[in-house]
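The block underneath contains the structure these notes are about, expressed in structure tokens.
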Amino acid sequence: MLEEFTNSFAEVKLLKGESLLRINQVCRHMYIVKKGAVRHFRIAKDGSEYNTWFSFEDDIIAVLKSTVRESPSNTGIIAMEDTTFLSISQSEIDNLRIKHHSFETFSRRLIEEYFIFMEQRAFSAQANTALQKYAELLSANPKVMDRVTQTQIASYLGIKKETFTRIKKKMKNLSSS
């Protein structure tokens, strides 16, 4: 089964600034970041762009709602650096689930972990300050400060760049005390 699984992947390469998934495009693949970085974003009704996550090496990427329902994605994904992915189609995933119970179990556990992560993010969005959200982001993605612009991080936190600069300074003062 492992050989069949690994042979199901294709390599996809994007240059910095290229889209892995455009808004309103149906997501038909799951990706694993082999090398590079991408940002996930959505567009508000007023046209404002909001970063929703950043993915780096070994992260798994899919827009679950779009993939499962075969509906247009409300999330776009763009390469922040030249990026290489391993890609597997949803139809191939479905075939592997049917053929191999262990892959079905693996898939279910992956989805369970994703839901746990999303529950934590939803609570954090409601209950935590921007400083706490920034600390969580750094904990989950230590590479973020080296590879993501301050403007993109501020967008993720839902604050202005100037506010983010103050939070970053406050965080630095807290860690040096």
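Couple of notes before you dig in:
- Computed in the context of the full set of protein chains, the accessible area of segment 1-146 at 1.4 Å probe radius has 53% of its extent on carbon or sulfur.
- Annotation: aspartates and glutamates with alpha-carbon distance below 19 angstrom to Lys99 (same-chain offsets under eight excluded): Glu3, Glu4.
- Along principal axes, Cα extents of the chain, largest first, whole Å: 54, 32, 29
- Amide H contacts under 5 Å for Lys34, placed H, 5+ residues apart: Asp58, Thr84, Phe85, Leu86
- Surface analysis of segment 55-177 yields an accessible area of 61 Å² per residue, using protein heavy atoms and a 1.4 Å probe.
- Using the Cβ-Cβ distance between Lys170 and Glu136 with R0 set to 25 Å, the FRET efficiency works out to roughly 0.95.
- Charge tally in the Cβ shell below 15 Å around Asp94, where Lys, Arg are +1 and Asp, Glu are -1, Asp94 excluded: +1
- Using the Cβ of Ser73 as centre and a radius below 13 Å, the other residues enclosed give a net charge of +4, where K and R count +1 and D and E count -1.
- Which of Ile167, Gly17, Ser155, positive extreme of dipole for the chain (C-beta unit charges): Ile167
- Most fluctuating residue given options Gln126, Gln90, Gln150, as computed from a GNM of the chain linking Cα atoms under 10 Å: Gln126
- Relative to the dominant Cα principal axis of the chain, helix 90-99 is inclined by about 50°.
- C-alpha long axis of helix 161-176 to longest principal axis of the chain, angle in °: 80
- Longest segment of the chain lacking trypsin sites (Lys or Arg not before Pro) that sit in a DSSP loop with at most 16 other Cβ atoms within 10 Å: 46-142
- For a straight C-alpha distance cut-off of 19 angstrom, the aspartates and glutamates reachable from Lys143 (same-chain residues fewer than eight places away being disregarded) are Glu57, Asp58, Asp59, Glu81, Asp82.
- Applied to segment 10-24, the Karplus parametrisation 6.51 cos²θ - 1.76 cosθ + 1.60 on θ = phi - 60° returns per-residue 3J(HN,Hα) values of 10, 8, 10, 10, 10, 8, 3, x, 7, 8, 7, 8, 9, 4, 6 Hz, with x for Gly and Pro.
- Using θ = phi - 60° and Karplus 6.51 cos²θ - 1.76 cosθ + 1.60, couplings along segment 128-136 (whole Hz; Gly, Pro as x): 9, 6, 4, 5, 5, 5, 5, 4, 5
- Ser107-Ile60 pseudo-label distance in nm [points 7 Å out on the Cα-to-Cβ vector]: 1.1
- Under-5 Å amide H pairs with Trp53, H placed in peptide plane, nonlocal only: His40
- Among the GluC sites (Glu not before Pro) found in segment 12-118, those both in a DSSP coil and sparsely packed, with 13 or fewer other Cβ atoms within 10 Å of their Cβ, are Glu18, Glu57, Glu70.
- Filter on Lys45/Lys172; Lys45/Lys160; Lys45/Lys65; Lys35/Lys161; Lys133/Lys169; Lys13/Lys161 - keep pairs with C-alpha separation over 26 Å: Lys45/Lys172; Lys35/Lys161; Lys13/Lys161
- Dipole of the chain, positive end: most advanced residue of Ile88, Thr129, Leu64 [Cβ charges, Cα centre]: Thr129
The values are calculated or read from the model by the stated rules, or taken from the named source; none is laboratory data. Bear in mind the structure is a predicted one, so any value in this text is a computation, not a measurement. Counting neighbours? That spans all protein chains shown, and the Cβs are built from the backbone with ideal geometry, glycine included. We work out accessible area using only protein heavy atoms, side chains counted, and drop any ligands, DNA or RNA first. Shrake-Rupley method; radii C 1.70, N 1.55, O 1.52, S 1.80 Å.
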